[in-house]
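Asker: Pasting a structure below so you can have a look.
What follows is calculated from the coordinates using simple rules that are stated; it is not laboratory data. Quick caveat: nothing in here was measured; it's all calculated off a predicted structure. Cβ placement follows ideal geometry from the backbone for every residue including glycine, while neighbour counts extend to all protein chains displayed.
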Amino acid sequence: MKKIRIRNSSEEYTIEKIVCIGKNYAEHAKELGGEVPKKPLIFLKPSSAVIYSRGKVIKPSFTKNLHHEAELVLLIGKTIKNADLKESKDAIIGYGVGLDMTLRDVQNELKQKGNPWTISKCFDTSAVLSDFILKKDYELNLEEEIILTVNGNVKQRAELNTMMVKPVELVKYISSLMTLEEGDLIFTGTPAGVSKVEPGDKLTARISGVGELECEIA
């Protein structure tokens with residue numbers, strides 16, 4: 001089982017399910033050519049997809065268009081179902097930086113056929129994680145900036161407050177659909193600027209106050 005690493009602590013959490021949010025930044029929704037959703041779009045990743053900072057993302061042989069998506073990731077610390085806003089806020093115990101690596105060509109082809117696009121999101125090494133900082137050590141204010149660079153060139157840059165559905169509201173909404181448990185992760189969506197990467201590219205994603213990760217495409 002994959003574990004969450006807590007900064008400056010020996011504490012660990014076993015990763016359970018990974019809940020991801022699509023198109024949670026309006027500009028990203030527009031760059032993909034689709035409508036801005038009225039409700040959060042939800043999909044899942046398996047914990048087997050996780051690698052950690054300084055790891056390598058293995059580009060699958062069946063894609064020609066691998067994209068990066070930098071995201072704020074929430075760590076859930078207690079079981080909740082049909083939570084209100086206070087319960088949802090209390091359930092978030094930590095924050096990290098994540099990359100939701102996406103096979104854009106595979107995703108688009110499956111969408112056009114009306115099929116689920118699971119395989120475009122769930123391949124091995126498609127979820128890259130930083131270490132996490134506990135909420136007791138850092139309280140998110142949404143003025144933080146999320147930045148992703150490829151080979152030192154800035155590709156994604158936005159403030160977290162530009163996400164359409166904010167973290168606590170996301171937790172509340174997800175808990176109305178499924179039980180959230182200790183060790184669950186929520187990828188909160190990516191801002192505009194996603195782009196194609198190739199083997200040899202070096203990616204860095206960071207969120208001010210939260211953390212940073214690095215990885216290489218192989």
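Asker: Once a ≥ b ≥ c are taken as the square roots of the eigenvalues of the Cα gyration tensor of the chain, is the result rounded (a/c under 1.5), prolate (a/b larger than b/c) or oblate (a/b not larger than b/c)?
Answerer: Numbers: a/c = 1.44, a/b = 1.23, b/c = 1.17.
Note, shape of the chain comes out rounded.
Asker: I need to check one value: relative contact order of the chain, counting alpha carbon pairs closer than 8 Å and at least 6 residues apart, in percent.
Answerer: Working: 545 pairs, mean separation 71.9, N = 218.
Relative contact order comes out at 33 percent.
Asker: How would Thr118, Thr125 line up from fewest to most surrounding beta-carbon atoms within 10 angstrom? Let's see the in-between values first.
Answerer: Numbers: Thr118 15, Thr125 20.
Sorted ascending by nearby Cβ count, the order is Thr118, Thr125.
Asker: Looking at this model, which pairs from Lys38/Lys81; Lys113/Lys202; Lys23/Lys56; Lys56/Lys166 are more than 24 angstrom apart at the alpha-carbon?
Answerer: Cα-Cα > 24 Å for Lys113/Lys202; Lys23/Lys56; Lys56/Lys166; rest within.
Asker: Running a GNM on the chain with Cα contacts under 10 Å, which residue among Ala91, Ala205, Ala70 ends up with the highest mean-square fluctuation?
Answerer: Maximum fluctuation in the GNM of the chain, among the listed residues, is at Ala91.
Asker: Taking the chain as a Gaussian network, Cα atoms linked when under 10 Å apart, which of Glu87, Glu71, Glu109 shows the biggest mean-square fluctuation?
Answerer: Glu109
Asker: Further, regarding this structure: Would you mind ranking Phe187, Phe62 by Cβ crowding within 10 Å, fewest neighbours first?
Answerer: Phe62, Phe187
Asker: Pick from Lys111, Lys64, Lys39: which is most flexible by mean-square fluctuation in a GNM of the chain where alpha carbon atoms under 10 Å apart are linked?
Answerer: Largest GNM mean-square fluctuation: Lys111.
Asker: For the pairs Lys86/Lys111; Lys30/Lys86; Lys45/Lys196, flag any whose C-alpha to C-alpha distance is greater than 28 Å.
Answerer: Over 28 Å Cα-Cα: Lys86/Lys111; Lys30/Lys86.
Asker: If you don't mind, another one. Between Ile18, Ala205, Ser61, whose Cα lies farthest towards the positive end of the dipole of the chain when Lys and Arg beta carbons carry +1 and Asp and Glu beta carbons carry -1, centred on the Cα centre?
Answerer: Farthest towards the positive end: Ser61.
Asker: Could you please report the charge total around Ala49, scoring K, R as +1 and D, E as -1 over all other residues with beta-carbon less than 15 angstrom from its beta-carbon?
Answerer: +1
Asker: Taking neighbour counts of Cβ atoms within 10 Å as a proxy for exposure, in what order, fewest first, do Met101, Met163, Met178, Met1 appear?
Answerer: Met1, Met178, Met163, Met101
Asker: Per DSSP H run of n ≥ 4, the term is -39500 (n - 2.57); total these for the chain, divide by its residue number, and report the mean residue ellipticity at 222 nm rounded to 500 deg cm²/dmol.
Answerer: Theoretical 222 nm ellipticity from helices: -4000 deg cm²/dmol.
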